[in-house]
Structures are given as C-alpha cells and as structure tokens.
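These notes concern the structure reproduced below.
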Protein chains: 2
Amino acid sequence: MTVGIEVVCIGNELLIGKIVNTNAYWLARQATLLGADVRRITVIPDAVEEIASCIREAMARKPQFIVTTGGLGPTFDDKTLQGLAVAFNRKLEVNQKALAMVKQRCFEYVKSRQMPTEIQLTPPRVKMATLPQDAEPINNPIGTAPGVRIDMAGTVLFALPGVPSEMEAIFNEAIEPLLKKAVGDYVFCERSIFVDNMVESRLAPLIDQVMHDNPGVYAKSHPMHSEGKPHIELHLTIRANSEQEPANKLKKALEEFTRLIEEHDGKVYPAF
Amino acid sequence: MTVGIEVVCIGNELLIGKIVNTNAYWLARQATLLGADVRRITVIPDAVEEIASCIREAMARKPQFIVTTGGLGPTFDDKTLQGLAVAFNRKLEVNQKALAMVKQRCFEYVKSRQMPTEIQLTPPRVKMATLPQDAEPINNPIGTAPGVRIDMAGTVLFALPGVPSEMEAIFNEAIEPLLKKAVGDYVFCERSIFVDNMVESRLAPLIDQVMHDNPGVYAKSHPMHSEGKPHIELHLTIRANSEQEPANKLKKALEEFTRLIEEHDGKVYPAF
C-alpha cells in the first residue's frame, strides 16, 4: 500500500545555507527505494514554537510516518524534544531507559580513552534523556543522543539526530524494517534515458502521449543545459504492486519514447 | 531591518531523492549573506493542490518574500503557475509580455542553429506565458521560461525555474537588488573555530556562558565525528545593523570561547 512520509529537518545551519541538506536527500532516497511516498520535506529553525507548529501541521495531513532530523543533542539550541512536547501537549520528563542509554555511551567513551569511568550525569547529558511523556527512546548505535519514537493518532514519529552517520544508523536499524513491513509488496521503479537534439517544448506532447498510452507511468523531463545544445534527462517512474510488473511497464514506455523521439529527429542515449 | 523569506521548492525529483536540493542551499546562502532571514524551506510535489496549500500556509506566516523554484517549464508536470492561480484565487491568462519573452528566446535558439526562424507558438510554449492575472513576468537571461512576480498582501512572491543556472541568473538580476534595498544596513556575520578533545556535553555550559556574556551572538556546535576523537565545529553568527559592530562582537565572543575551552583542556583551531 501507499505509505506516506513527511520529513522535517530542524537546524538553523540549513536555513543560513551553511550546509546542503544531505539528510533530507538520503532519507527521501531510502524511503522511496523502500516503496514509501515522501510527501513533504520541511526545514525549520531551532525554535520551539516553529517545531511545534510544523509538527502539528504535518500531523494534520495524516502521514503514516514523520521523520525529523536534528536538535537532539546536549546544547541549548537542541530543541526538538521541547518542540515535540508542545506539539503533542505532553510533559517532558527524564526517561530512565534513555538515561541508561546516554550513560552507557558516555561510559564506553571514557573507557576507550582510559579516563576515569565514573560518569557524571550533568544537565546536558540528562537533557538528551528528557523526553515527552510516553515517548520511546531508540538505540543510537554510534552516538550519545538516543532517537525518539512517538505514536500518535495513527502516525509514527521518529526524531533522529542531525549528525548524518547517526541518523542513518538509527534509520537502518529501527525505521527501515518498519517501513518495509508497512509498504508490503508495493515497489518503486525508475529508468532514465537522455534525449539530445530536442528542446523541452517539443518533447512535451510526446510525454503526454506516452503517459496516456502507459497508465501508471510518470515521465518527467529534466533539462540538463539551458544554453547551447539541448540535453534532457527523461526520468520514468512507477509505483505499483510487484505483481503488476512495473519494470515491464517502464520498459514498454521507454520503447515508445525512443520510437517517438527518433521519429521527431531527436537522439536517445541510454542512462542508468 | 529583519527581512523574512520563505523558500518553496517544487519538484517530485526532490521528494524521491533523485537529486540533492542545491537550489534551496544556494538561495538560503545568498539571502543570508545579503542580511535576510530564511525562515522556512518547504519541498512539495508537482501537484496543484499541494502547491496552492503550501503557498497559502506560507502567506499566512506573512514573510516579506517567498521564492519558489521549479515547475515553470513547458511539460505537463510544470504546475507552479496553476498552483499559484489557485492559491491567490486568480485566473490564468496568456500574458503578452511573457509571450514575447518566450518567442524571443525561441527565436534566438533557432537563429543560432541556422534553423528556420518562423516561431510556432505551440501550446507548450504558450503554457510558459500563461500566468495568474496581474502577475509580472521576469526576464530569464539564459532560459525560455520567464520568472514570475506576484505582489499580494505585503508579500512579494517570485517564482523561479528549477534549472539552477536559470534560477541563479534571475535571482541575481531581479531579486538581489530588491533584497538589498529591503535589508538596508542589516548584516549577517559568521566565524567558526574547531574544538578538539572535548565532547559536546562538556562544551554545552561554555556555550551558555559565552552567549550570556555576548548578547546577540548565537553559537551552535556541530559535531563532525560521532565516533573516535571528538571534533566539533563551533559556529558563531550575529545579525545586526552594521553600526552595532557585529564583527567585533563575534571577535570578542571567540576570544572568550578560546579562553574557556583551553581552561577546560580543550584545543581550539582556527577555521575560516
């Protein structure tokens, strides 16, 4: 079945253009390849009210999953858990399971450095284990701050850290299996060809025709050069149950595209 | 003064993780360096109702500017203008100024290839010039689809193409001067240092102290490795009128950071 996901990326660094949002890209790619449907990606600042209102808006659109990135760490600007508490109208409280996870990571860290192994649960460390009521901490295999799961009104929300390696590790361990199960035998397939010697305006009616002749196939043109020789990537996608043979449908649509484009003096090159 | 901007990126390719959203990054960086405040970035699919609702939601937050990317081309999936028409409750109509721009670009294209110079205004070409009523076409210096400007309720919305080179060219020519004027002498300054030998939990109270001692300075820690030796980028920013000497304020805060971190056995390295 179609499984809808929203991604919410929390972090001023994304809004000031300090870094490219590779987390959103990575999550969108993984979720899509698993057969899920990423419906919206929102980037918001490290501000409690912004987080709360953005999460409330996403919840109102009723996705099966929401994945947030960023804002789980020990510093003042890590405000995701406060924002979630406001969004879901829940109190924040120290979660003992999360606290044990934080303590364990700190212990491993000092032990590996032959430092004194008495762990001080300082306020910044306790902060990472202070979750909205009834939230479930998720093991972070490679970092200190646990991920967080909150189930609410048919939506499962996962809050992941912003550090890409930690975000990816938690996704792979805790979210991927859940997504796979929710998606079932629904799959996403894609194929690309490159088209030369043809501007997008001339390709447009051929896209209309092929999509008409091949229900379920979505074809989108991506002009790669806006000047000089026209060069277009034509990207075909389909989402369907595997028994509907989506790969064959794409193949048939690609064959029709190739024939039509060549009839119109375009040139077709294979992509991936 | 503080000038708020929202960026809305329209395109399925961003939601399926086909490409990284470099347009959002580029726009966020440019706007920030010009002194403006990017408040939200939203990525939505090529769907009229999604575009309309997203724009309405952004308008309700009353930013001075909204910049959209993508969806202005000749193919069926280019739906930004339809979405804007729904959002603003305006009819779509062929804009003669936009049509002349499209015709001119087609003319230049065929002329440069020694092709027949009689331009056929086919439906895909007319589509690029079919704008919401009272919208203003904006010259696209290097591509066919004009940009579009719509003024509404104190917000100026610019719709730009998704092809990065075209988006950047229109921004530089038409939006940058307007932003500069709106921002006035408000500036954004930033400095970074790298911190070694100190985990984020131990850095957290030092950040609190420096921010307390240096009003207006925002300090955010970015852990670069989650395993092995801790390595953190500490990024300091400030937005202020230039007469408030923001660069000096950052310098003072950095000096305090360096002293405090070294007192706590951390090591500080200069970044950019």
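The values are calculated or read from the model by the stated rules, or taken from the named source; none is laboratory data. Nothing here was measured: the structure is a model prediction, and the numbers come from that model. Quick reminder, even Gly has a Cβ in these numbers, built from the backbone with ideal geometry, and neighbours come from all protein chains shown.
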(request) For B:T237, work out the one condition from (1) part of a strand (DSSP E or B); (2) buried (at least 21 other Cβ atoms within 10 Å of the Cβ); (3) in contact with a helix residue (DSSP H, G or I) (Cβ under 7 Å, 6 or more places away or on another chain) it doesn't fulfil. (result) (3)
(request) Just name the residue that is farthest from B:L14 (Cα to Cα) out of those in region B:68-79 that are within 14 Å of chain A (Cβ to nearest Cβ) and hydroxyl-bearing (S, T, Y). (result) B:T75
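So, in region B:21-38, how many residues would count as being part of a strand (DSSP E or B) and facing another protein chain (nearest Cβ under 7 Å)? Spell out how you get there, then give the answer.
Residues of region B:21-38 that are part of a strand (DSSP E or B), as a first pass: B:37-38.
Now restrict to residues that are facing another protein chain (nearest Cβ under 7 Å): B:38.
Final tally of qualifying residues: 1.
Conditions tested, residue by residue: (1) crowded, with 16+ Cβ neighbours inside 10 Å; (2) at negative phi; (3) within 14 Å of chain B (Cβ to nearest Cβ); (4) among the charged types (D, E, K, R).
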position: A:R113; (1), (2), (3), (4): no, yes, yes, yes
position: A:R125; (1), (2), (3), (4): yes, yes, yes, yes
position: A:Q133; (1), (2), (3), (4): no, yes, no, no
position: A:N140; (1), (2), (3), (4): yes, yes, yes, no
position: A:I193; (1), (2), (3), (4): yes, yes, no, no
(request) Output the number of residues of region A:1-15 satisfying the condition of being more than 9 Å from chain B (Cβ to nearest Cβ) and of a type in the set (S, T, N, Q). (result) 1
(message) So, in region B:38-94, how many residues would count as being out of contact with any helix residue (DSSP H, G or I) (no Cβ under 9 Å at 6 or more places or on another chain) and over 26 Å from A:I51 (Cα atoms)?
(response) 2
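Look through A:K181, A:K220 and report the one residue that is among the basic types (K, R) and within 30 Å of B:M115 (Cα to Cα).
Numbers: A:K181 fails: within 30 Å of B:M115 (Cα to Cα).
Unique residue meeting the criteria: A:K220.
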(message) Condition check: away from every other protein chain (no Cβ under 14 Å), in contact (Cβ under 8 Å) with a residue 60 or more places away in the chain and of a type in the set (F, W, Y). Does B:F188 satisfy that?
(response) no
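Checking the conditions here, which among A:K62, A:K18 is assigned to a loop (DSSP other than H, G, I, E, B), facing another protein chain (nearest Cβ under 8 Å) and farther than 21 Å from B:D208 by Cβ?
Values: A:K62 fails: facing another protein chain (nearest Cβ under 8 Å).
Answer to the selection: A:K18.
Please verify whether B:E49 is part of a helix (DSSP H, G or I) and either without any contact (Cβ under 8 Å) to a residue 40 or more places away in the chain or within 8 Å of chain A (Cβ to nearest Cβ) (or both), treating the condition exactly as stated. Give the derivation first.
Values: part of a helix (DSSP H, G or I): yes; either without any contact (Cβ under 8 Å) to a residue 40 or more places away in the chain or within 8 Å of chain A (Cβ to nearest Cβ) (or both): yes.
Taking the combined requirement at face value, the residue satisfies it.
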(message) Looking at region B:217-259 only, could you name the residues that are within 14 Å of chain A (Cβ to nearest Cβ) and touching a Pro at 6+ places or on another chain (Cβ under 6 Å)?
(response) B:I232, B:I238
(message) With the requirement that a residue be modelled with pLDDT of 95 or more and of a type in the set (D, E, K, R), what does region A:240-272 give you?
(response) A:K249, A:K251, A:K252, A:E255, A:E256, A:R259, A:E262, A:E263
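Mind listing whichever residues of region A:240-272 are in a helix (DSSP H, G or I) and farther than 30 Å from A:D185 by Cα?
Here is the first cut: in region A:240-272, the residues in a helix (DSSP H, G or I) are A:242-244, A:246-263.
Selection gives A:R259, A:L260, A:I261, A:E262, A:E263.
Can you pull out every residue in region B:215-234 that is under 25 Å from B:V183 (Cβ atoms) and either assigned to a helix (DSSP H, G or I) or in contact (Cβ under 8 Å) with a residue 12 or more places away in the chain (or both)?
Filtering region B:215-234 for residues under 25 Å from B:V183 (Cβ atoms) gives B:215-220.
Listed by number, the residues that qualify are B:G216, B:V217, B:Y218, B:A219, B:K220.
Any residue in region A:88-99 that is out of contact with any Phe, Trp or Tyr (no Cβ under 7 Å at 6 or more places or on another chain) and within 14 Å of chain B (Cβ to nearest Cβ)? Let's see the steps before the verdict.
Going through region A:88-99, the residues out of contact with any Phe, Trp or Tyr (no Cβ under 7 Å at 6 or more places or on another chain) turn out to be A:88-99.
Subsequent filtering for residues that are within 14 Å of chain B (Cβ to nearest Cβ) retains A:99.
Among the residues of region A:88-99, at least one is out of contact with any Phe, Trp or Tyr (no Cβ under 7 Å at 6 or more places or on another chain) and within 14 Å of chain B (Cβ to nearest Cβ), which makes the answer yes.
Find the residue count for region A:142-172, including only residues that are among the hydroxyl-bearing types (S, T, Y) and within 12 Å of another protein chain (Cβ to nearest Cβ).
Step one: of region A:142-172, the residues among the hydroxyl-bearing types (S, T, Y) are A:144, A:155, A:165.
Narrowing further to those that are within 12 Å of another protein chain (Cβ to nearest Cβ): A:144, A:165.
So the count comes out to 2.
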(request) For A:N172, work out the one condition from (1) polar (S, T, N, Q); (2) more than 21 Å from B:G17 (Cβ to Cβ); (3) surrounded by fewer than 16 Cβ atoms within 10 Å (Cβ to Cβ) it doesn't fulfil. (result) (2)
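Select from region A:106-125 the residues that are among the charged types (D, E, K, R) and at pLDDT 90 or above and list them in ascending order. Break it down into steps so the answer makes sense when it comes.
To start, the set of residues in region A:106-125 that are among the charged types (D, E, K, R) comprises A:108, A:111, A:113, A:118, A:125.
Across region A:106-125, the qualifying residue is only A:R125.
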